[in-house]
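Trainee: Below is a structure I'd like to ask you about.
The values are calculated or read from the model by the stated rules, or taken from the named source; none is laboratory data. Just so it is clear, the model here is predicted, and its values are computed rather than measured. Cβ atoms come from the backbone with ideal geometry, glycine included; neighbour counts cover every protein chain shown. In case anyone asks, the SASA skips ligands and DNA or RNA and just uses the protein heavy atoms, side chains included. Shrake-Rupley method; radii C 1.70, N 1.55, O 1.52, S 1.80 Å.
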Amino acid sequence: MSLDAVRNEIQRIDEAIIDLAVERQRLAVRIARLKQERGIPIRDDGQRKVVLDRVSALATGRHIDPVAVRQIFEILIGMNEERQRE
């Protein structure tokens with residue numbers, strides 16, 4: 001496979017990652033509505049821990065740096081919380 005072909009494949013994956021982040025944001029809006037209806041605060045430290053522990057374990061099982069994956073998901077969760085506040 002050529003260098004350009006590999007780069008094109010990476011670009012395709014990058015686009016898919018962005019699409020998934022957008023989908024995650026859409027779901028955050030739905031969660032915000034449900035939380036608002038139930039009087040639940042936006043920030044849920046228990047759920048945050050569940051998600052971060054789960055993705056760390058997945059990363060470890062798939063031989064990718066769990067610390068880096070955890071950081072990525074901390075950013076994603078922060079983005080979702082911000083969207084929920086809007």
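Trainee: Would you mind stating whether Arg62 is within 15 Å of the chain's Cα centre (by Cα) and either modelled with pLDDT under 95 or not aliphatic (A, V, I, L, M) (or both)?
Mentor: When the stated conditions are applied, Arg62 does not pass them.
Trainee: Based on what the data block shows, is Ile40 more than 16 Å from Met79 (Cβ to Cβ), free of Cβ contacts under 8 Å to residues at least 12 places away in the same chain, part of a helix (DSSP H, G or I) and not polar (S, T, N, Q)?
Mentor: Criteria not met by Ile40.
Trainee: If you don't mind, there's one more thing I want to ask. Which of (1) at pLDDT 95 or above; (2) in a loop (DSSP other than H, G, I, E, B) does Val69 not meet, given it meets every other one?
Mentor: Failing condition for Val69: (2).
Trainee: Based on this model, can you work out whether Ala32 counts as open to solvent by less than 80 Å² (accessible area, probe 1.4 Å), touching a Lys or Arg at 6+ places or on another chain (Cβ under 9 Å), in contact (Cβ under 8 Å) with a residue 12 or more places away in the chain and in a helix (DSSP H, G or I)?
Mentor: yes
Trainee: So, in segment 43-85, of the ones that are of a type in the set (D, E, K, R) and touching a residue at least 12 places away in the same chain (Cβ under 8 Å), which residue ends up least open to solvent (accessible area, probe 1.4 Å)?
Mentor: Glu81
Trainee: I would also like to ask the following. Tell me which of these Ile40 doesn't satisfy, since it passes every other one: (1) surrounded by 11 or more Cβ atoms within 10 Å (Cβ to Cβ); (2) within 15 Å of the chain's Cα centre (by Cα); (3) not charged (D, E, K, R).
Mentor: Ile40 satisfies every listed condition except (2).
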